[in-house]
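Remarks on the structure that follows.
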Amino acid sequence: MSPQSGFTAEVYQNPYLAAGAETVDAVITVTAGEGGAAPSPAGTPSAAEAIMIDCSGSMGYPRSRMTEAIKATGVAVDTLRDGVLFAVIAGRSRAEQVYPSRGMVAASADTRAAAKQAIARLTPSGGTAMGSWLALANKLFAEVPAQVKHGIMLTDGRNQHETPEALRQVLAECEGRFSCDCRGVGEDWAASELRTIASALLGSADGLEEPAELPAAFRAMTEQAMGKSVADVKLRLWTPAGSTIRFVKQVFPQVEELTGRRVAVSDRIGEYPTGAWGAESRDYHVSVQVPPGTLGEERLAARVSLVSDDTVIAQSLVLARWTEDDALSTQINDRVAHYTGQAELAEVIQQGLEAREAGDDATATAKLGRAVQLADESGHEQTAKLLRRVVDVEDAATGTVRLRRDASSLDAELTNVRSTKTIRVKRS
Amino acid sequence: MVIAQTIDCPACGAPASAGFRFCEACGTPLHGVPAPSAAAEWVSSSTAPQRCEACGHTGFSSDGYCDQCGQRGPTGPDHSEFDLGPVAGVSDIGHRHERNEDAFALGTLPGTPLVVVCDGVSSSSRGDAASHAAVDAALPVLRTALTEGSHPERAIARSVHAAREAVTAVAGPDQGNPPSCTFVAAVVSAGSITVGWVGDSRAYWLPDGGTPCCVTVDDSLANELIASGMPADEAHAQPHSGALVRWIGVDADDGPPKARTFTPEGPGRLIVCSDGLSRYRSAPEALASSTPPGPPLAVARQLTQLALDAGGVDNITVVVVPYPPAAPTEGSAQ
Ligand SMILES: [Zn+2]
Ligand SMILES: [Zn+2]
């Protein structure tokens, strides 16, 4: 624990392994600003915000979509702290800067009013090429010195006017430069696209039931960005010689695969990006394969640290102890078991919905049935409720379901985009 | 982590880690020799590991794990001996344990030997880290408190407080089963002996010719029940009667140590030990009849060997203090 930094890291694991066993699993709960006050070791960091609004033709149908988007953007601008640099981008087949005319400008009463005037003139027309929107945001962010750089991206459609390859290319350029929350409105956005963008840019992805929800959603995203008090925190992992990192995942508040995002610091040490932190708590699941030890031996399987500015702000030890006592070695830590289930839940929802779209009803029914069962077992009510929009549940405990023929594409995309949202283990 | 205490090489005077066997400057054995010079304020069995037993690597992180293979290095050596003249002690890993989780520190004030022995609770994680941190924190505080004029019982209470803080510091991110240890300290002066303790490490008073006694009363479940009125034989028959009810650790209560001060009627020896010895000679008469005459280090070695020969199932620490204390070698009068 490191009270000075305001960060704590707690480890949950069963360190006991049977003779010859090699796999060590642990859940690490990282909490910043416990007790409500956000940690800010060096004062509030400077921030920049780019708001990317889909202005493609479809945003005009129904009319409320564009009017709510305009209102929401105004709310976001109003939520910016004084002095925060910002820009508004209209997204079509190309990106176009709405306000200011070039670069970014510091939020003040005058600039907010001018921004809202410019936003009000936005009209829907043209196509959708999200990569170009993100590329413009990246260019604007590159020109300013802010510590926390955050984007909000709203779309109502699929990324039709550029290739997936072009989007991947832009995401690779933007990664680590700024974070981005993505929201879909209407019925034509693709959950997989939003999740891809949000994952790469360490943000959240979600969809809205109604355009009327936009202003509240924009306020929440902006407030969260303004609450970030420590920019650019990394998860640092030390593992012993001869070990293999099976995976590193964020597992709460949503599943994010981090394994492939390792940046090697040395032979033994690698770092994974976690972005900026406000007063919040996240859980990580680390799984390491270590060379088997002798009975009675204690070994460090991983040292998990949170690092900001190359300073360790919280640290936790993952241990391995080999024992002949089966009563010890066969126990599975309840958090490790819980998040193993939550990760599987996200996976089977995505696989089930993909099979459903491909017309493979048998696979879809099996996968979504398993999802219903996992959601029921873990008490994940939000996900259970979403799943009932795409399947009729006969028996949740056994995962017996039938695909719903009346499910809309919004039902499927919402279920998909929220599939990665997890809950913490319920205290029994 | 406390830096290992230094002593001065008896041959060349170079400072050396008390945990080292030989002087790094001239190679003279540092221990098993008479008292180091009076400049040595105190010594302890703590020492950082030199080389990983699993992979041979020599780098260890500050939390005590091998930088290469992650193997936890010992906090103290398997065997250590110190002889300060008026007080001497031995600690040994025994036959069954992976690590020596006992730790001890010895010190002197003019005419007043000081002892702290801690035994890492083996059901806790990193009991050795707790015991070593505890002795290293307690002995200097005990010394300072006495120098400042504190009553020995008060001085021991202050040293327990320091030990608690040190054990809390080494607990670090450990969950559920924080490192913990027992504690027993003794202050032996010309007119009286004071012993304070938390847990089941013991001190025995063995008078030359008189009736020996155990000065400490274990903080055990059985003794707790006896104190609340249960007959002794019934209390000892309870399940887990030997379980510790008090210890030093994040998960323990922080009340004052129990303490006793007494004035011996004549000369004798105070034996301060971990349960690695007392489990084999629990009754004071049994211990007394097994304790040979001789200089303190020789006696401590023989009692340690006795425990090893009896099975050595636990770590063993034995400190011997003759009473009245041997006259100070240097005449720094008070
Ligand atoms: Zn020397
Ligand atoms: Zn090693």
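Here are a few things to note about the model shown:
- Here A:Glu34 fulfils each of the conditions (1) open to solvent by 30 Å² or more (accessible area, probe 1.4 Å); (2) modelled with pLDDT under 90; (3) within 14 Å of chain B (Cβ to nearest Cβ) apart from (3).
- Among residues of region A:128-161, those that are without any contact (Cβ under 8 Å) to a residue 40 or more places away in the chain and open to solvent by less than 80 Å² (accessible area, probe 1.4 Å), counted: 3
- Residues of region A:51-68 that are open to solvent by less than 20 Å² (accessible area, probe 1.4 Å) and among the small types (Gly, Ala, Ser): A:Ser56, A:Gly60.
- Restricting attention to region B:246-275, the residues that are farther than 30 Å from B:Pro322 by Cβ, touching a residue at least 12 places away in the same chain (Cβ under 8 Å) and open to solvent by 40 Å² or more (accessible area, probe 1.4 Å) add up to 3.
- Residue, nearest to the other protein chains (Cβ to nearest Cβ), within region A:298-333, restricted to residues that are over 19 Å from A:Asp25 (Cβ atoms) and assigned to a strand (DSSP E or B): A:Ala314
This table checks each residue for (1) within 14 Å of another protein chain (Cβ to nearest Cβ); (2) touching a strand residue (DSSP E or B) at 6+ places or on another chain (Cβ under 9 Å); (3) surrounded by fewer than 19 Cβ atoms within 10 Å (Cβ to Cβ).
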| site | (1), (2), (3) |
| --- | --- |
| B:Gly59 | yes, yes, yes |
| B:Tyr65 | yes, yes, no |
| B:Cys69 | yes, yes, no |
| B:Gly76 | no, yes, no |
| B:Phe82 | no, yes, no |
| B:Pro86 | no, yes, no |
| B:Val90 | no, yes, no |
| B:Arg96 | yes, no, yes |
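- Hits in region B:66-94 (condition: outside any loop (DSSP other than H, G, I, E, B) and of a type in the set (Val, Ile, Thr)): B:Val90
- Of all residues making up region A:167-176, the number that are under 17 Å from A:Leu194 (Cβ atoms) and open to solvent by less than 90 Å² (accessible area, probe 1.4 Å): 5
- If you filter region B:227-246 down to residues that are within 27 Å of the chain's Cα centre (by Cα) and aliphatic (A, V, I, L, M), you find that the one that is nearest to B:Arg202 (Cα to Cα) is B:Leu244.
- Counted residues, region B:53-68 - those being under 19 Å from B:Ser125 (Cα atoms) and either within 9 Å of ligand 2 (Cβ to nearest atom) or of a type outside the set (Gly, Ala, Ser) (or both): 4
- A count restricted to region B:132-154 and to residues that are assigned to a helix (DSSP H, G or I) and farther than 14 Å from B:Trp197 by Cβ stands at 13.
- Among the numbered conditions (1) farther than 19 Å from A:Tyr12 by Cβ; (2) in contact with a Phe, Trp or Tyr (Cβ under 8 Å, 6 or more places away or on another chain); (3) open to solvent by less than 20 Å² (accessible area, probe 1.4 Å); (4) within 10 Å of chain B (Cβ to nearest Cβ), the only one that A:Thr294 does not meet is (3).
- Unique match (being within 23 Å of A:Val255 (Cβ to Cβ) and either open to solvent by less than 10 Å² (accessible area, probe 1.4 Å) or out of contact with any strand residue (DSSP E or B) (no Cβ under 7 Å at 6 or more places or on another chain) (or both)) among A:Thr196, A:Thr222: A:Thr196
- Taken over region A:225-249, residues that are open to solvent by less than 20 Å² (accessible area, probe 1.4 Å) and more than 16 Å from ligand 2 (Cβ to nearest atom) amount to 7.
The values are calculated or read from the model by the stated rules, or taken from the named source; none is laboratory data. Nothing here was measured: the structure is a model prediction, and the numbers come from that model. Virtual Cβ from ideal backbone geometry, glycine too; neighbours counted across all protein chains shown. Surface areas here come from the heavy atoms of the whole protein model, side chains and all, with no ligands, DNA or RNA. Shrake-Rupley method; radii C 1.70, N 1.55, O 1.52, S 1.80 Å.
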